[in-house]
Amino acid sequence: MTRAICFGFSVLALSLTACERKVPEASHDLQVVAGEEPVPPPRTPPVVLVTPPFPSPRPGSAGIADGENDGSPDITPAPLRGEAAKNEKGARAVLLAWARGIELREFNQAWDLMGDVAKAQTSKAQFNALFGPLRGISVAVPGGQMEGAAGSSYYTVPATVTGTRADGSKASLKGDVVLRRVNDVDGATPAQLRWHIEQVNLRPA
């Protein structure tokens, strides 16, 4: 099932009416360990960039105040063991930590919970610039859907991010957040075996 990865990472965009452009697909090369089966590539479609519906902060600030985004509190999810680490409980632990990081304006920590595919599409600075202009951020991530494909498990959740702009108006983003882990495939790296944010598809609501 093809999914679009969408993020509002153009802080200098001209308008919301002309905000979409395609960029090349991420590499789908298989990762192979000698004598082991290859790990299946991520199901990554072409990326679409969406203009953020927020005023851009002054260059270099990303709207971050003193005491924010400094690594405190630590949002790292508590480690899980056995099947709990592999099923929906494990996926939601990472998802809720990601959402909490955005709400607490610990954007760097939230970005760190994303996988290589998602990180390849946005830098940490761009991630900060997307949410930094908002205050009173709330991230809703209700129950999602588990599915499996090509040796991996996916957990898809409809997410809603709301907040207040500097001028007092309300802003909202909606879309799917997709988490992924490799299902104990021979040759998979420890990072691939852990749940991580694989895709984020947020659009102005």
Qualifying positions in the range 173-205 - in a strand (DSSP E or B) and without any contact (Cβ under 8 Å) to a residue 40 or more places away in the chain: Lys174
Pick from the range 182-205, criterion among the aliphatic types (A, V, I, L, M) and out of contact with any Pro (no Cβ under 8 Å at 6 or more places or on another chain), ranking: nearest to Trp98 (Cα to Cα): Ile197
Subset tally (residues that are buried (at least 18 other Cβ atoms within 10 Å of the Cβ) and more than 14 Å from Arg181 (Cβ to Cβ)) for the range 75-99: 4
The range 131-155: number of residues that are closer than 19 Å to Gly175 by Cβ and surrounded by fewer than 20 Cβ atoms within 10 Å (Cβ to Cβ): 9
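Which one of Thr189, Thr162, Thr122 is at pLDDT 95 or above, of a type in the set (Ser, Thr, Tyr) and either out of contact with any Lys or Arg (no Cβ under 9 Å at 6 or more places or on another chain) or surrounded by fewer than 22 Cβ atoms within 10 Å (Cβ to Cβ) (or both)? Break it down into steps so the answer makes sense when it comes.
Working: Thr189 fails: at pLDDT 95 or above; Thr122 fails: at pLDDT 95 or above.
It is Thr162.
The values are calculated or read from the model by the stated rules, or taken from the named source; none is laboratory data. Note that the structure is predicted; figures quoted are calculated from it, not measured. Glycine gets a Cβ as well: all are built from the backbone with ideal geometry, and neighbour counts include every protein chain shown.
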